[in-house]
Each structure stands twice: as C-alpha cells, then as structure tokens.
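Down below is the structure, laid out as structure tokens.
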Amino acid sequence: STPELVAAVVEAGGSGFLAGGYLGAEALEAQIAKTRELTGGLFGVNLFVPGERSTVDLSGYVARISKVARRYGAEPGEPRWDDDGYPAKLDVVVARRVPLVSFTFGLPSPEDVARLHEAGSRVVVTVTNPDEAARAAEAGADALCVQGYEAGAHRGLFTDDPADPAGGAAYGLLAALRLVSVRTGLPLIAAGGLVHGADVAAVLTAGAVAAQAGTAFLRADEAGTQPVHRRALAEGGRGTAFTRAFSGRPARGIVNGFLTENSAHAPAAYPQVHHLTRPVRAAAARAGDEEGLSLWAGQTYPLVTEGPAAEIFGRLREQALAALRRVASD
C-alpha cells in the first residue's frame with residue numbers, strides 16, 4: 001500500500017486503506033499527510049492489534065533460519081516481541097481524524113473505539129468467523145471486514161491455534177458472509193481473492209455492502225510491490241498455501257523454497273518470527289531471488305493484471321455491473 005495507490009483508487013470512485021502495520025508512527029503520519037495532498041476523498045488506515053507474547057522455544061527455528069541467512073550473506077534478526085508501536089499509531093489516527101480505521105489480528109479496546117468515535121472515525125474490524133464477528137459488534141465496531149480463506153497475506157484471526165496450519169477454522173468467503181450475517185446486523189465488507197468484477201457482484205448479492213480487494217492491485221503501477229514479487233505474480237504458475245514460516249502467524253503466499261522448507265518447523269510466535277526472518281527476506285529481495293521472501297497473494301493471483309490503479313478499478317466496476325445486468329436479465 002502507498003499513498004499514491006490509495007489516492008488513485010479514491011479518485012476513481014472507491015476507497016483505499018493505508019497499511020499501518022510495521023510502520024513507525026512518524027512514517028504513518030507522513031503517509032496520511034501525503035494521501036490528503038493527493039485526494040480529498042474517503043480513505044482509511046489499517047492497524048495491527050498487538051497480541052499476547054508467545055513463550056514458545058524459538059531456538060530450533062533460530063538455528064534453522066541462521067542457515068538460510070548464510071546463503072544470502074546475511075544475519076538473522078532478533079526474535080523479539082513488540083506491540084508494533086500500536087499506542088503511538090492509534091494516537092496518530094485519532095489526532096489526524098482519519099475517516100476509516102480498521103483493525104486486524106484482534107479487537108481494539110472499548111476505550112480505543114470511543115476515542116475514534118469522538119474523533120469522527122468509523123471503526124472496521126477484520127473477522128474470519130461468526131464468533132469473532134459477535135465480539136467485534138459488542139466492542140462497538142461500525143462495520144466488519146469479513147475475510148475468507150482465499151485471501152492473500154495474514155489471516156485476521158483473533159487467536160492463532162498452533163495446532164492448526166491455518167490458525168483456526170477456515171471459511172470460504174461466501175460461507176463466512178452468510179454465517180456472519182446471521183450473528184450481526186453490521187455492514188459487511190467482503191475480502192478474499194476478489195480479482196474480477198463478477199467476484200464483486202457475487203459478494204454484493206450475498207449481502208456485503210462493499211468488496212475489498214488487495215491481491216487485485218498488487219501489480220498496479222502505484223503499488224509498493226517489490227520487483228521480485230511482481231515477477232512471481234506475473235509468472236502465475238505456482239499455487240498458494242498458508243504458512244507461519246515468515247512471520248509466525250498464518251498467511252497465504254505463493255509457494256516457494258522458503259515456504260516449502262520451513263512451514264512445518266515454524267512456531268506460532270508473532271511477531272518474533274517476523275523480526276527473525278526480516279533480514280533474510282530483505283537479502284533475498286536484493287538478490288532478486290523469489291525463493292527466499294514472502295510472496296503474499298490470494299488464491300486467484302494468476303488472474304491479476306498490471307496497469308494504473310484507476311484502470312484496474314474501472315475494469316472491476318464495469319465487470320461487476322455487467323455481471324449484475326446479466327443475472328437480472330436471465
């Protein structure tokens with residue numbers, strides 16, 4: 001995500017989110033300011049909710065990643081826990097009165113929700129199952145982003161079950177929408193492998209008020225996607241799988257050497273594993289080696305095209321309208 005990508009989609013008639021995860025508070029504030037320079041429309045910021053510190057023994061995985069690091073002439077990072085600078089970034093979005101603030105990996109506290117509401121922000125919580133949806137509604141969320149298992153990158157699970165490769169129950173997007181809709185009357189935003197306008201039409205007719213697309217914009221001109229990642233997306237010949245190998249939390253990515261070799265050994269320890277592998281991933285990216293970095297992508301990534309974000313958005317909209325007209329005429 002970049003301010004340029006967000007602004008391009010907003011100006012084309014949609015809305016976009018800045019990715020606040022892994023950014024420092026000052027960097028996030030700068031991105032918000034840049035976005036406002038580029039557009040006066042509706043946009044949002046997504047924040048990672050800090051989880052509990054894992055106490056799992058990481059020594060075996062540290063040794064394993066150290067061997068991988070040596071292939072690239074790099075050193076592994078320190079497997080430390082942190083809160084991703086959450087309190088400071090929350091202060092930023094409150095002070096800057098960001099119109100939409102979404103949360104992933106858990107629930108903001110009632111006090112945080114109240115602060116955002118007082119600042120005029122609407123609160124969106126990412127959920128993957130009906131129980132999470134009910135909890136988010138109780139916490140005061142204004143809307144829910146319902147994430148199906150088809151989605152690329154990290155699952156928005158509130159709790160990561162170490163015994164489950166997917167971290168917990170994995171519902172397809174349409175099933176998740178239906179199950180969540182009977183637990184809460186909140187507006188639902190659908191996310192998970194939506195790369196064609198017919199996908200958008202499908203989730204709108206299934207009860208969502210909006211479709212959220214991430215993978216569809218990975219090859220957009222304005223996206224911050226690394227060149228080696230873009231190349232893997234364009235090749236489109238590999239499958240995707242859930243893995244904790246890169247971050248310690250289940251995420252869907254294109255299958256490559258790092259994922260294949262390390263998924264079975266990766267502990268459920270986020271963000272310690274993220275910090276451990278980060279220098280290795282950076283070295284692989286510098287080397288142009290797609291086998292050594294996280295290639296996050298949804299299941300339908302081979303269908304993604306490159307070009308200006310406004311063009312991609314316009315095509316999705318026209319395809320969606322055509323699909324709805326086709327169904328209405330049958």
All positions within segment 84-116 that are assigned to a loop (DSSP other than H, G, I, E, B) and either of a type outside the set (Lys, Arg) or closer than 24 Å to THR128 by Cα (or both): ASP84, GLY85, VAL98, PRO99, PHE105, GLY106, LEU107, PRO108, SER109
Residues that are at pLDDT 95 or above and more than 16 Å from the chain's Cα centre (by Cα), drawn from segment 237-246: ARG238, GLY239, ALA245
Selection status of VAL93, modelled with pLDDT of 95 or more and either touching a strand residue (DSSP E or B) at 6+ places or on another chain (Cβ under 6 Å) or of a type in the set (Asp, Glu) (or both): yes
Test for VAL62: is it modelled with pLDDT of 95 or more, open to solvent by less than 50 Å² (accessible area, probe 1.4 Å) and within 29 Å of ALA137 (Cβ to Cβ): no
One residue from VAL127, VAL113 being surrounded by 23 or more Cβ atoms within 10 Å (Cβ to Cβ), touching a residue at least 24 places away in the same chain (Cβ under 8 Å) and under 29 Å from GLY24 (Cβ atoms): VAL127
Residues of segment 170-197 classified as among the charged types (D, E, K, R) and either part of a loop (DSSP other than H, G, I, E, B) or closer than 13 Å to TYR149 by Cβ (or both), total: 1
Condition check for GLU306: open to solvent by 50 Å² or more (accessible area, probe 1.4 Å) and at pLDDT 95 or above: yes
Neighbours by Cβ (under 7 Å, 6+ apart or cross-chain): first from segment 130-159, within 16 Å of VAL209 (Cα to Cα) and aliphatic (A, V, I, L, M); second part of a loop (DSSP other than H, G, I, E, B) and open to solvent by 30 Å² or more (accessible area, probe 1.4 Å): ALA133/ARG183; ALA141/LEU186; ALA143/LEU186; ALA143/PRO187; LEU144/LEU186
Pairs where the first residue, in segment 39-59, is more than 11 Å from TYR270 (Cα to Cα) and the second is in a loop (DSSP other than H, G, I, E, B) and among the charged types (D, E, K, R), C-beta under 7 Å, 6+ apart: PHE48/ASP84
Odd one out for ARG325, checked against (1) free of Cβ contacts under 8 Å to residues at least 40 places away in the same chain; (2) more than 22 Å from ARG70 (Cα to Cα); (3) in contact with a strand residue (DSSP E or B) (Cβ under 8 Å, 6 or more places away or on another chain); (4) not β-branched (Val, Ile, Thr): (3)
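The values are calculated or read from the model by the stated rules, or taken from the named source; none is laboratory data. What you are looking at is a predicted structure, and each value in this text was computed from that prediction instead of being measured. For neighbour counting, all protein chains shown are included, and Cβ atoms are generated from backbone atoms with ideal geometry for every residue, glycine included. Note: areas computed on protein heavy atoms with side chains; ligands, DNA, RNA excluded. Shrake-Rupley method; radii C 1.70, N 1.55, O 1.52, S 1.80 Å.
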